[in-house]
Structures are given as C-alpha cells and as structure tokens.
1. Would you compute, from DSSP H runs of 4+ residues alone, the mean residue ellipticity of the chain at 222 nm, taking -39500 (n - 2.57) per run and dividing by the full residue count, rounded to the nearest 500?
2. Nearest 0.05, what FRET efficiency do residue 416 and residue 376 give at R0 = 35 Å with Cβ-Cβ as r?
3. Which length gain, in nm to one decimal place, applies between residue 203 and residue 230 when the Cα-Cα distance is subtracted from 0.36 nm times their residue separation?
4. What FRET efficiency comes out for residue 454 versus residue 241 if R0 is 56 angstrom and r is the Cβ-Cβ distance? Round to the nearest 0.05.
5. In nm, give the distance between the simple-model label positions of residue 570 and residue 478, each being 7 Å from the Cα along the Cα-to-Cβ direction.
6. Distance between Cα centroids, segment 419-476 to segment 247-323: provide it in whole Å.
7. Using a 7 Å offset from the Cα along the Cα-to-Cβ direction at both residue 387 and residue 461, what is the distance between the two label points in nm, to one decimal?
8. Round to a whole angstrom and tell me the spacing of the C-alpha centers of segment 113-151 and segment 185-230.
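Derivation of every value follows stated rules applied to the coordinates shown; laboratory data play no part. Note that this is a predicted model, so its numbers are computed, not measured. Methodologically, a virtual Cβ is constructed for each residue, glycine included, from the backbone with ideal geometry; neighbour enumeration extends over all protein chains shown.
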C-alpha cells in the first residue's frame, strides 16, 4: 500500500502535484498475485434501487480448511491493486482476504459517495455475504473456505487506511457480522475535516457549524475523484452526468465553499451523514484506531473523538498516534502492513485481528500510545512509543506579546491585528497535498496580520502530547457588526503554537493550525489547538499566535480588525498537556 498513488502522465499533467498525498498508507509492495479477480453486483442507496458493480481480488491462504476472513479497500481515488501487498501478507498469515475497489474508482462503478453507509456500507455487506458462502460472485463463484460463527455469519474483520478506513465504519454500521476493525488515518466527521471549527463551547465540546474550508484538500479530492470518473467512464459513463463522479450535493458543496467560504446546511448534512460520528451508535466491532501526527487532513482530534465515543459505549477500542499521515513522512519501523511483524503499528494491527478473529492471546499494547519523534531507535519503532499520561500546565498571556508562567506576573495590555487585504491570505503554514514539494518553505505570518505571545526560554525539555487550548477575550466592533449577517459574516481566525529555537528559528509543530469561526466575538473564546506530540527543548521558547488568515483555507471575506486584551483578573490562558 504505497503512500502515493501511481498516476498516469495525463493525470499528473492535469493535476500537477495536487493528488500526490491523498490516499494511501505506506508499506513496501509485496510480489503476491491474487488468486482470482471477481465482480459483484450490489444494490445500494436508501431504497436499494441503484445497481453497481464492485471489482475485487480474492486471496487464499496456502493451508486448507476454513479460515477467518479480511476485507480491505483502497484510499481515496485508488483501487484494489493498492492493497495487493497487505492482502498477500495477511493471506500468508492464514486469512482469506478480499481486496476490493470502492465505488467510483478502480474498476468499480457508480459514484463516489464518501463512504456513505447506504452506498459503500451496503456494497461491503454484499461482500460479507460472499465470504459467508450465502451469495455468489457474478460469474457464479461461491466460497466455502471462511470460518463461520453461525450459518451465514463469517468470522471477518477489516483493515485499511484513509478512505479505506472510513469504509470500515460504514460497513460495520450496516452489518453486525463484522467482528473487528483496524481503521488508519481516517475521519470522524467530514464536515469538520473539510471545514473545521475549533471553538470550544462552555461544555468543553467543539461548537457545531462550519469553520473554514480547507481549500487545497477539497480541491484535491474533487479533482482526483472527477479524474477517476473520466478514467472509468467506459465501464459506467452515466456517473459523469451532472456532478462528475459525485452526488450532486458534493458539487453544490464545492460551489458554496467558493461563494460563501463554507458549505451550507444541506451539504453539511450530507457530509455528516457520510461520517463516522453519525453511525457510531450502531458499531459494535472492536476497533484499533491508528491516526497520524503529521496530518492536516484528518487530525488527531478526529481519532480521539471516535475513540471516546466507542469506549463510552463499552466497545473494545485502543488508539495509536503514529508518526506519519496524509501530510507527513512515516518513520522507519512504524507502519508496514505488507510485512506486519517488521513494524510497531503493523505488529499491533496483526495481533488485534489475530485476537478477535483467531482467538489468539489478547493484544497487549496499551489502550493509548503515541510516537515520540525525538527518540532515536533502530529497526522497529517500539522504543519511540510511550503511553505516559499527561498533566495540564498553564501559561498566561501578558501585555502585548509575552507568555508568563504565573498569573501574578500578568501585565495589563492588548495586541491588535487586522487582515488588510480582506480574503487574501497573509499567513502560510502548509500546502496540504502539495506540501511535499515545499518542505523547505518555513511557515510565516505577515507583520500586522497576527498577534503573538512568546515565553521565556524553557529551563528543561517540555514534552506536549495532546491538544493544547487557548482562552482569550476579543474586541472587534467590525466583527460584531459583520456577525449579524449570520454564520458567513462571523470572524475567522487561525490559532497555532510555534517552537522558537535559541537562534530565533520558529517551527510550527507538524505545520498544523486551528481555524475558528467565532460564534460571538463579544464573549470569551476558547480554542482547541492542534493535537501534537512535540518536544520543546530546554532553551527553546513557546509562541502562541492568532493569525487573520492561512493560505490553505478560505477565511474572512472582509477586513475585520481584532484586539486581544488581557489582565490579571481575566488573563488569556494557554493550557498545555505535558507528559
């Protein structure tokens, strides 16, 4: 399962560099041929009247007799072929594996529905019927090789990343026969993923409603999906009519984002309906969540939200924060599903499936583990992982630009910034799908367009593992007036946390930012900063920044000056989860 899809030259010319990091979980490709390619007619949609074809490769273990089964499917815009290495590896471990192309890509027909349960979930259910031996492939092939828990109920799990992770929740939501899940670098709520709002309410939960559209990620998804529709038009030309290779509502969402800055109500409703958060209550399968720290598409908060919801309902679940992600490099020995025993995450994924599908001893890794990028190791990445708990520590905004360690040291003051060019971005953090070609370009904020507060040099190494929060008071008469126009007139800001080295070089941890569309600028604001695992070294300083824009997002539509005020009675507070 390579990190980057292999695209033909025509696609690269049409979408230069835009789609290079969208879809896949890394692993060295294995030379394993599928035993047989099969096609399945599936009936999907709320009324089951839409007829689609799913193409899949069947892998069989060498040993005879019945064996547990695995389903695996591709990342966005990929195909079953991307799963060949993983499917072969698990077949050699004694599993019957069915690797299939998701709807709308890789030879499977119909449109891309973003892993909606009524479409992608129903398609997967048809494949489970085949594994159970109760339904045949289109050519009449029947399978009598999968271990059964009961007649018509195969022992089956799922594994895969990104879009192939979302498919697992869609499938488990409509089919209780699925016994275990291993979703990697996938989403909790697509409305948050593509238009995040990181404002926390009084109850400590993220507020509802859109924040700021991820312009480059959204464009990358839409462009790649449309291209895959053109490439597969010979099998299903009808899916190019109207909105190319997507339901009409998703073209509508793109148009609304460009016009208003965010999708509107109907579009957001569809995104949520296709999201894990909308059908978690129906999921019973034990789940090992793997999320990437270097991921500006699906951040650590998404896996955390899923993990908390599952465990609150008593569903067996564990979570790993691994090294890579959609926008960053995977470290050696961390994740390799083509040779699971060679990597930390691969071993734990295999052990999870072996336990729930083969009855092997319980997977004994911690309930939560995170990769520490500053730890040196050789081979397997296990020494770089920790499960140490965190404690909260506070720093206080003081005066115009200082962070202090004690509330008693806070000086009364204020900092003002403005976005002088309206919607034009004046800050740069990362370029999403394009970032791999621009790693040498440092994050930056134009003078006068941000407010920042910097601490004294740290006396010792400080390890942050989790999502910091920032509580501030804002003043903006222009934003007060603008927000009366509704959600599209609200103030948008971008909060982030820099690591400033002794030589003054500022590093933005994993290049992550937290967009916020402020509900009411007159009230105190609390922002959930990006989830990170980062060591701020001794002698380094922390700098928390509120910026008026970001190059990768659609932000404010008009000029909205903002003042941030602080004093000892009501100081701004940066809270850090320190390991």
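1. Values: 12 runs with 121 residues, N = 579.
Helix-only estimate at 222 nm: -6000 deg cm²/dmol.
2. On the way: r = 44 Å, r/R0 = 1.26.
Given R0 = 35 Å and the Cβ-Cβ separation, E is 0.20.
3. On the way: separation 27, 0.36 × 27 = 9.72 nm, distance 4.65 nm.
Length difference between fully extended and current span is 5.1 nm.
4. Numbers: r = 55 Å, r/R0 = 0.99.
Given R0 = 56 Å and the Cβ-Cβ separation, E is 0.50.
5. Between residue 570 and residue 478, the simple spin-label model gives 2.2 nm.
6. Value for the Cα centre distance between the two parts: 24 Å.
7. Inter-label distance under the simple model: 2.2 nm.
8. When both Cα centres are located, 31 Å separates them.
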